[in-house]
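These notes concern the structure reproduced below.
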Amino acid sequence: MTEAEAVIRNESGYITHTAKKDFGPLEFTGKIAGGLRLDIRRRAPLYLSDWTDAFKSQNIQKTVSSVLYLFIAALAPAITFGS
């Protein structure tokens with residue numbers, strides 16, 4: 001295995017060897033906004049499920065309570081300080 005080759009363990013537990021280095025979230029990529037682009041590329045398949053999971057029947061109580069809490073948390077300082 002060369003220094004540039006990376007070892008990756010996929011979801012099924014098998015170890016694969018690849019020439020492409022998998023950058024961590026805080027590693028310097030050497031490109032402008034490289035970490036942001038890598039993060040968006042990694043998270044893109046999950047964005048749709050993030051939104052649709054909120055409206056499933058087993059999650060509706062958590063969704064409503066979170067939205068209500070954030071609304072009140074944002075509204076309380078406005079009422080208190082009159083802005």
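The values are calculated or read from the model by the stated rules, or taken from the named source; none is laboratory data. Keep in mind that what you see is a predicted model, and the values were worked out from it rather than measured. Cβ sites come from the backbone with ideal geometry, for glycine too, and all protein chains shown count toward neighbours. Accessible surface is based on the protein model in full, side chains and every heavy atom, while ligands, DNA and RNA are left aside. Shrake-Rupley method; radii C 1.70, N 1.55, O 1.52, S 1.80 Å.
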For this session: Might you let me know whether region 1-14 holds any residue that is touching an Asp or Glu at 6+ places or on another chain (Cβ under 8 Å), modelled with pLDDT under 85, open to solvent by 60 Å² or more (accessible area, probe 1.4 Å) and part of a loop (DSSP other than H, G, I, E, B)?
Result: no
Exercise. What number of residues in region 34-62 are under 11 Å from the mean Cα position of the chain (by Cα) and of a type in the set (S, T, N, Q)?
Worked result: 0
For this session: Those residues that are surrounded by 10 or more Cβ atoms within 10 Å (Cβ to Cβ) and among the polar types (S, T, N, Q), I need them from region 53-83; list them, please.
Result: Asn59, Thr63, Ser65, Ser66
Exercise. If the Cβ limit is 9 Å and pairs must be 6+ apart or interchain, which residue in region 62-81 that is among the polar types (S, T, N, Q) pairs with which residue that is open to solvent by less than 60 Å² (accessible area, probe 1.4 Å)?
Worked result: Thr63/Ala54; Ser66/Ala54
